[in-house]
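Quick notes on the structure that follows.
The values are calculated or read from the model by the stated rules, or taken from the named source; none is laboratory data. Predicted model, so just to flag it, every value in this text is computed and none were measured. Backbone-built Cβ (ideal geometry, glycine too); neighbour counts: all protein chains shown. The protein model used for the area step is the full one, side chains on, heavy atoms only, and it has no ligands, DNA or RNA in it. Shrake-Rupley method; radii C 1.70, N 1.55, O 1.52, S 1.80 Å.
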Amino acid sequence: MVIKAVIPAAGMGTRFLPVTKSMPKEMLPIVDKPVIQFIVEEAARAGITDVLMITGRNKRALEDHFDRLPCLEEALEKKGETLRLAEVTRSSGLANIHYIRQGDPLGLGHAILLSRRHVGNEPFAVLLGDDLIDEEECLLEDLITVQKETGGSVVALMEVEPEQIGAYGCAAVRPVSGRDYVRITDLVEKPTAFEAPSNLAVIGRYVLSPAIFEVLETTAPGRGGEVQLTDALRTLTQTPEAGGGVFGVVYRGRRFDTGDKLNYIKAVVSLALERGDLGSELRKWLQENIDSSRPVPARAKHL
Ligand code: G1P
């Protein structure tokens with residue numbers, strides 16, 4: 001059974017500077033809930049009870065967010081604000097959350113290797129904080145099911161436009177007879193359009209065999225000089241006898257890459273439109289303002 005998840009959250013959030021100068025990018029709000037809470041809620045829905053966050057400098061707000069805050073809870077209780085109280089205590093009851101620090105930014109593979117002692121010899125989930133998966137979908141549950149059936153490692157894949165593949169790990173796959181998952185035969189981290197073996201991108205959800213740790217121990221730094229999880233998984237595709245092989249589940253639902261500014265704004269607007277307290281007013285405002293809004297000035301101000 002997969003009960004542990006690792007959430008790498010040590011990245012510096014340079015794409016969101018200056019706001020990330022003093023706050024972790026994982027705390028960026030989707031209206032009033034930080035991105036990281038969506039990720040932990042997704043893990044909890046899939047039956048995960050133990051979360052290990054790999055954090056770093058400047059990430060204290062993450063620990064505070066998932067901790068109790070007795071003085072606030074008491075104040076809300078006294079005022080009879082039961083709904084707000086429920087929202088405030090919710091984040092601290094989602095899972096047992098542990099933290100370790102990645103002192104040096106040596107890459108995703110290195111971050112995962114740091115979880116070895118905590119995870120032990122069981123398959124475990126990895127959720128990357130930039131990817132928001134639709135709450136109506138069961139992607140992580142599906143990965144867990146396939147891991148159980150195959151005994152290998154399982155990666156979530158998504159079809160992307162050829163010009164986007166260079167931002168992702170990319171998988172070569174072949175069908176598995178009678179199954180709705182595929183076998184991954186090769187993986188390349190952030191290939192050029194020419195090198196890419198397919199248009200199937202690795203999105204930030206994995207359920208990994210503990211065999212990955214042994215491989216990560218000897219995985220040399222790859223793209224960007226960082227130890228890449230994709231490279232270690234590639235090794236497992238070539239040595240199925242050691243780790244049970246690598247499989248992919250192709251996700252066709254809605255996903256937002258909140259690490260990208262435009263996609264982050266799309267996530268905020270889309271999810272706000274679906275809320276009972278905001279949706280209809282926001283829709284009305286957008287409809288009234290979308291055409292009348294001022295055109296982008298010729299010398300648009302941007303960083
Ligand atoms: C990481 C992985 C990459 C994967 C991506 C998904 O890259 O290295 O293989 O496709 O997450 O979001 P990053 O976006 O951290 O550069």
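The table below lists the values:
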| read-out | value |
| --- | --- |
| Three-way shape label, region 118-224, alpha-carbon gyration tensor, a/c 1.5 | rounded |
| Translational D in µm²/s for region 151-303 (Stokes-Einstein at 4 °C, 1.567 mPa s, Kirkwood Rh from C-alpha pairs) | 71 µm²/s |
| At R0 = 35 Å, FRET efficiency that the Cβ-Cβ distance of TRP285 and GLU141 yields, to 0.05 | 0.45 |
| Amide N proximity, region 141-155 versus VAL176 label position 7 Å along Cα-to-Cβ, cut-off under 13 Å | 142-155 |
| Stretch gain in nm, segment VAL88-ASP186, where the contour uses 0.36 nm per residue and the Cα spacing is subtracted | 30.9 nm |
| Relative contact order [Cα under 8 Å, 6+ residues apart], the chain, whole percent | 20 percent |
| Solvent-accessible area per residue, Å², over region 94-203 with all protein chains present [probe radius 1.4 Å] | 49 Å² |
| Amide proton proximity set for ALA5, modelled H, under 5 Å, gap of 5+ | ASP50, VAL51, LEU52, ALA125 |
| Listed residues MET158, MET53 arranged by accessible area, highest first, probe 1.4 Å | MET158, MET53 |
| Value at 222 nm in deg cm²/dmol, rounded to 500, when DSSP H runs of n ≥ 4 in the chain each add -39,500 (n - 2.57) | -9500 deg cm²/dmol |
| Alpha-carbon radius of gyration plus Dmax, which is the widest Cα pair, for region 65-143 in Å | 17.3, 48 |
| Listed peptides 109-121, 91-103, 2-14 by packing density, highest first (mean Cβ within 10 Å) | 2-14, 109-121, 91-103 |
| Region 196-247, accessible surface, carbon-and-sulfur percent (1.4 angstrom probe) | 47 percent |
| Those lysines that a straight Cα-Cα span of less than 26 Å connects to LYS21, excepting residues fewer than 8 apart in one chain | LYS33, LYS59, LYS261, LYS266, LYS301 |
| Compactness relative to 2.2 N^0.38 Å, alpha carbon Rg of region 1-65 | 1.15 |
| Protection proxy ranking, peptides 39-45, 234-240, 216-222, average beta carbon neighbours within 10 Å, highest first | 39-45, 234-240, 216-222 |
| With DNA, RNA and ligands ignored, accessible area of VAL19 (1.4 Å probe; Å², nearest 10) | 60 Å² |
| Coordinate range along principal axes, alpha carbons of region 18-176, Å, largest first | 60, 36, 34 |
| Rg over Rh, two decimals, the chain (C-alpha only, Kirkwood Rh) | 0.99 |
